[in-house]
Structure formats: structure tokens, C-alpha cells
Amino acid sequence: MNIESSMELGGTTLGPEDSHWIGDYRAVHMNVFGTPLRVMDHGSGTRIWDVDGNGYLDFLGGIAVNSLGYAHPRWTAAVADQAAKVAHTSNYFATEPQIRLAEKLVSIAGAPQGSHVYFGNSGTEGNEAALKLARLYGRTLMDGREITARSVPRIIALTHGFHGRTLGSLSATWKPAIREPFEPLMPGVEFVGSGDIDAMRRSFDATGQDGCGPVAAVILELIQGEAGVRPLDLDYVKAVRRLCDERHALMIVDEVQTGIGRTGRWFAFQREDLSGGIVPDVVTFAKGVAGGFPMGGMIAFGQALSDLFTPGSHGSTFAGNPLGAAAALTTLHVIEDDGLLENCETRGRQLRDGITQCGNALFAGVRGRGLLDAIQLSHPCAHAAMEWALDHGLIVNAVAPDALRMAPPLIVSESDVDEAVSILARVPGDLVDD
Ligand SMILES: Cc1ncc(COP(=O)(O)O)c(C=O)c1O
């Protein structure tokens, strides 16, 4: 850390260049993210450097985005090559990377014959698409129901779930502080206690109010990422699947954070210990899919569901953009070619074991799968712990007041994990959040 003319920001210490740039940032950016902790300049592999030249081992990976780390040679070459060929066409046209990517996603999801992909640009857009599909499904396809075109099919979402911040996805996002200021939101969304199958059954049984019809879909994350990396109970997940089957409702699994290798499988629903082998009806994805290029979307399982979207049902100018598609296709190929799913499983286990055994009394436990993990702190000082780690060269994040999240690139090495654990082992136990 260059401490010459450094300044304190919250509990962290900034160098002179960082301080200067952060002032400029604040002058022109709406304050939705708070003040940036650093201004970053460049990265390589699992490391990133700020404008003062300080290097950091990145155990957050742009929040589960930078699957291949920074400046991976195959990724940068694929993006540069595609940029030199064609960076964008309208959706009046298609491109090869987009077609190959959709084929690849259907294949790695093990989705049945007739499954189709919709591409958007972010996680929230993947979920918007899934919610719109559920509306159409609830108005047309649900078996054994009285359906009127004007009734509003209901959607069940879980407490502590996070699905994005655009108005549709926000309707299914639980955290009151970020949802309530924007109400009224999409009608027909009901929250039930995460893990409480009886509550979900009651919600299915209840007659919808204010013109709302039967429940068309349940949307959930198998590991509630923003809630602090909290896996759902396995029996609960299986019971939700059964309930959806009995009531002809869709099970939408939001894999925006857990998907594309993050948990050591392509998708978390493919982990027996998270899903018991259930198959979703819709999977949404984003974050890690394009290794840092903005992309998201959904996979609708099966022909009948896929056919609900017809020209005009949905779209976006950049949907399936060839630059993003090339970035994503290469990301998937590198994950496959370099055995990164296996690496994710092995390094994840090493990380959780290391944290468990490191002897830091501040750590009350560690949870997660693959490389999506959180340290439970014995008291709520996650923000201070995150800042302390940053000042000591490690990026993690305070995902809850008492939990630190780790989601490093899938390329992370054994020595990277050892280094991260050795820094975390030294986080002082007497930190307090402001
Ligand atoms: C599970 C889940 N769904 C949806 C989103 C929203 O994704 P985005 O920020 O790309 O819109 C997130 C973001 O953290 C997420 O974790």
C-alpha cells in the first residue's frame, strides 16, 4: 500500500490516486452503490491492481462473474477476434456464436429435446423473461384449471430470495428495504417462508385475491446467494418440486449466482446434495456465463413451454449479441477444456477446510458448495472484516452483517487458496462495524 498522502475512507486506507479518482467518481455517479472501495486499473489471473499499483488477490471475482479471472488469453483473444468480425447485429439477423452458445447451454443443462434459450444482458433480465413466460403459462397451458386470459397467474417466491432489481424481478425479491420503496410492484407475487413447505402448500391452496388466479410458478435459488450463501434444505427442494408437479406449476430455478460451474457442476440443480436430482422447468443464468461480459438469460425446458414465446413476446436490442456470445462460448469451452468444474470442487473443499481449521475465533463456521462460500462470523463485523482484508490484499465481501462471501475465479490455484486462508486467519476478532 502506497501510504504517501493516503486517506481513510470508512475503515479502509486509500492511496493518492484512488482518493483522487473516487472524488471524481462521486461527482458524477448516482449514489446507488455507495463509495467505491478502490478504483481498479488492470488484472491478470486471480489478481487485480488499483490505480495506486496495489495488488489484490480476488476472492470475489466481480461477485461470481469472472469465471476465468482477469485477461484470460483465450477469452481476450475470442472477444478481440469477434470484435474484429462483427460486434453487433440487430435481432433481424443471427450469428454463429449465438447459435453455438444456445446449443451449448441446452446441452450442459441436460435440458430435454425441444428446450430453448432466451438471451438477455443481466440476471434480472433472465428472471424478467422467466416471469413473463410464467404469466403466459398460467394463462394458457396450466392443466386442470379454469383460466381466463385476464386473470393474473400467481407466482410464489421465498423469503430471503434475491432475483434482481428491475420491477418484475424486484417483485419476487424479498428484502423489504430494497423492494418496498418501489411498491406497488407486479401483482400476484406471494412470499412464503423459505424452507416451510406447509406455508407454500397453503399459498397454493389459497384463492388468489384481486383478480389473481392459480399459482403458475415458484421461483427460487437453491443457494440463496445474497442472503448470505444459504443452501436450501434438500428435502424442501424435493417437496417443492413435488408440489409444483401436483399443481401443474412451473419451478423456476434462478441460477444467476450458482450457475455456470460456480458450485462445481454446470448448474446447482445438477448437484444431488442441493437438489436431490430434481429437474427444473426454467433455469435462469447470468453472472459467470460470459466471464465478465454482460449477459444473462433463461432456458425453458421442453417444447411446449418454449413455444409460449412468439415474435414480440419478449426481446432486447442486445439479446444474443455476438461479442457477448463469443465471450460466453469461450468461457464455457475453457471451463470444459481446463477441468474447471473439478478444480472448483477441489479448491472449494480446500477453502472451507482451511477456514474451518485456521483457528480464527471470529469464524463461527463456513458454508457453501464449490466456489460459492460464506464464512459465518461470531459477531456482526463483516464490513470491517472486508475492509481489513482489502487493506491486507484480499478481496471478499460482506454479504450479510455477519457473513463474508467468497466467490473467486474458477481458475483459482491451490496456493491462491492457501494465501487467502492465511490472510483470513489473521482478521482480528475485535473488529466492529460502524
Ligand atoms: C440469484 C440472483 N438472481 C438475480 C440477480 C440479479 O442479477 P443482475 O445483477 O445481473 O441483474 C442476482 C444478482 O446478484 C442474483 O444473485
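Structural remarks
- Stretch in the chain that is longest and holds no GluC sites (Glu not before Pro) that DSSP places in a loop and that have at most 16 other beta carbons within 10 Å: 147-434
- Share of pairwise Cα separations in region 225-352, more than 18 Å, in percent: 61 percent
- Summing charges over all other residues whose Cβ lies under 12 Å from the Cβ of K132, with Lys and Arg as +1 and Asp and Glu as -1, gives 0.
- Within a Gaussian network of the chain (alpha carbon springs, distance under 10 Å), most fluctuating of G195, G34, G393: G34
- Around P428: net Lys/Arg minus Asp/Glu count, Cβ-Cβ under 15 Å: -3
- About the centre of its Cα atoms, region 76-337 shows a dipole size close to 280 debye [charges on the beta carbon of Lys, Arg (+1) and Asp, Glu (-1) only; nearest 20 debye].
- Highest-MSF residue in the chain out of A77, A134, A328 [GNM, Cα springs under 10 Å]: A77
- Proximal lysine pairs, region 76-337, alpha carbons under 27 Å, eight or more residues apart or interchain: 11
- Built from the Cα atoms of the chain, the convex hull projects on average onto 21.1 nm², one quarter of its surface area.
- The angle separating the long axis of helix 96-108 from the principal Cα axis of greatest extent in the chain is about 80 degrees.
- Cleavage-rule hits (chymotrypsin sites (Phe, Trp or Tyr not before Pro)) in region 71-161: DSSP loop, at most 14 neighbouring Cβ within 10 angstrom: Y92, F93
- Length-normalised contact order of the chain in % [C-alpha pairs under 8 Å, at least 6 apart]: 21 percent
- Note on the chain: GNM, Cα springs under 10 Å; of T46, T95, T124, the largest mean-square fluctuation is that of T95.
Bear in mind these aren't lab numbers, they're just calculated from the coordinates by the rules spelled out. Bear in mind the structure is a predicted one, so any value in this text is a computation, not a measurement. Don't worry about glycine lacking a Cβ; one is built from the backbone with ideal geometry, like all the others, and counts go over all protein chains shown.
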